[in-house]
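I have placed the structure first, in the form of structure tokens, so that the comments after it can refer back to it.
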Amino acid sequence: MILYQAPRGTTDILPHDQAYWRYVEKEVVNICRLYGYQRIDTPVFEDAGLFVRSIGEETDIVEKETYSFRDRSGDLLTLRPEGTAPVCRAYLEHGMHNLPQPVRLYYITPLFRYERPQAGRYRQHWQFGFEGLGSSDPALDAEVINMACGLYRHLGLRDMVLKLNSIGCRNCRPQYLKSLREYYSRKVHLLCADCKRRLERNALRLLDCKEESCFPLTEQAPKSSEYLCTECKGHFDFLKKYLVILGLEFDLDHRLVRGLDYYTKTVFEIYPPGEKGAQSTVGGGGRYDNLIEEIGGQPTPAVGFATGMERMILNLKRQNISAPTLPQPTAFVAFLGQEAKDKAVAYAAQMRREGISVILASGNRSLKAQLRHANGLGAACAIIIGEEELREGMIVWRDMVKGEQQRLSFEDALSLVRSRESGGES
RNA sequence: GUGAGUGUGGCCAAGUGGUUAAGGCGCCAGGUUGUGGCCCUGGAGAUCGAGGGUUCGAAUCCCUUCACUCACCCCA
């Protein structure tokens, strides 16, 4: 009987799955290099207030999904449920406004949300995200979106759909929210229970409802894009122009609002083809011009994006895209008898000093068993030391792919392996 | 928080009231003297998620509970 298993909503990333993770990570690092984004790592937990302040008290994340606890000194801490607020906190704390603006940062980190797990959704999941801080230029919005789409393209994901909207700023949004509330107030008798609540607390999310009774109403609802102030409208127009220049296709979706309160102007999400269910979003982001001010800094416009590592991998698998295989050991050292084993230990160590990856046979098993093991590991070659070789100061070098072998001195075998390794790379 | 489905050795999985719970993968060991991948043989490994009940008898029926999966809310 198993006494312990991974906590609900968490998962082990086993060796056989690492190829996907390393592949995605490699492309992530590469896209950040291409666009000049620098890595930042922030703590796994933060002062609870940071998230309440930034994400919004009325959001689901803060209301019911955070892992919060008091530490032994009584401080209230929260396991990071999203990546943007901590980056903003670090930007402020380290005076990054003194650096050339905008500052471009990225992170790869686990996040924690207490939710019921399901496909592509975990209580601990990994997100890759990047932020451009300190510029209101719509070209930066376009850059971030281009980067996001570029990442998926580099990974080989096909037919991803970009949805785009602008939800205005604190100057024009109140106006919009007012007409939105007026519109829904007249239809309140048609709304589902959730939406009645949303009308009171967070009217924007009325648009997000997938309830059959509410859905038709959202079609007729006032659109945020029609209420944008001159500045927001100009920003949105420029963004769309840049996206066209970049050759990116996008669907304008006036129902697209994001779950976090800090967004202003640009919001966008990216879906896989044939989206099924609302939780299929692979990545999303937007502009958050007030957030840094909100947590105590100077007004600092910024825009960012985040995408779920698990969801990228899920979609890679759904599209039958395989990850490059990870390197396998080059050599396997087998031996017969204790004296040979002594020699094998020394040889394996010497090969590693030469930078060759080596696995030394375990136990004292038959040669057959040892070679079976070497085969299972995918070793390129085996070095066999038996009594005879021991006597003659030789080893048997066996090519595990061709099945050919020859008797050599250890030094000759070493240079043979070395030449194969460098030759095999090109 | 709500709804649905599923729980049989490490993994997949047959069995739906009746003698020692199939099979496959994987693992281990053999198929003569020191050699892998194919094939053959053998072996280890399961209190049939847990607890209770019905019954002469339960993996199979009932109840409770736990876990997992999928979906909803919401999000990546």
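Worth a mention:
- Single residue of A:243, A:252, A:239, A:248 found to be more than 16 Å from RNA strand B (Cβ to nearest atom), closer than 23 Å to residue A:302 by Cα and open to solvent by 50 Å² or more (accessible area, probe 1.4 Å): A:252
Residue-by-condition table, conditions (1) over 34 Å from the mean Cα position of the chain (by Cα); (2) in a helix (DSSP H, G or I); (3) more than 16 Å from residue A:209 (Cβ to Cβ):
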site: A:153; (1), (2), (3): no, yes, yes
site: A:158; (1), (2), (3): no, no, yes
site: A:163; (1), (2), (3): no, no, yes
site: A:179; (1), (2), (3): yes, yes, yes
site: A:184; (1), (2), (3): yes, yes, no
site: A:196; (1), (2), (3): yes, yes, no
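- Filter pass, residue A:267 being assigned to a loop (DSSP other than H, G, I, E, B), open to solvent by less than 10 Å² (accessible area, probe 1.4 Å), within 11 Å of RNA strand B (Cβ to nearest atom) and not aromatic (Phe, Trp, Tyr): no
- The requirement of being touching a helix residue (DSSP H, G or I) at 6+ places or on another chain (Cβ under 9 Å), more than 15 Å from RNA strand B (Cβ to nearest atom), part of a helix (DSSP H, G or I) and in the same structural domain as residue A:293 (by TED's automatic domain parsing) is fulfilled somewhere in segment A:53-68, by at least one residue.
- Those residues of segment A:363-407 which are within 7 Å of RNA strand B (Cβ to nearest atom), in contact with an Asp or Glu (Cβ under 8 Å, 6 or more places away or on another chain) and closer than 20 Å to residue A:419 by Cβ, in sequence order: A:396, A:398, A:405
- Residue ID - least open to solvent (accessible area, probe 1.4 Å), chosen from residues in segment A:32-52 that are in a helix (DSSP H, G or I) and more than 19 Å from residue A:131 (Cα to Cα): A:48
- Meets criteria (open to solvent by less than 50 Å² (accessible area, probe 1.4 Å) and within 16 Å of RNA strand B (Cβ to nearest atom)) for residue A:81: yes
- Breaking point among (1) within 30 Å of residue A:218 (Cβ to Cβ); (2) crowded, with 16+ Cβ neighbours inside 10 Å, for residue A:118: (2)
- Taken over segment A:130-167, the residue count meeting the criterion of being open to solvent by less than 10 Å² (accessible area, probe 1.4 Å) and hydroxyl-bearing (Ser, Thr, Tyr) is 2.
The values are calculated or read from the model by the stated rules, or taken from the named source; none is laboratory data. This one's a predicted model, so the numbers in the text were calculated from it and none came from an experiment. Note that each Cβ is placed from the backbone with ideal geometry, even for glycine, and that neighbours are counted across all protein chains shown. When the accessible area is computed, the model is the full protein with side chains, heavy atoms only, and any ligands, DNA or RNA have been set aside. Shrake-Rupley method; radii C 1.70, N 1.55, O 1.52, S 1.80 Å.
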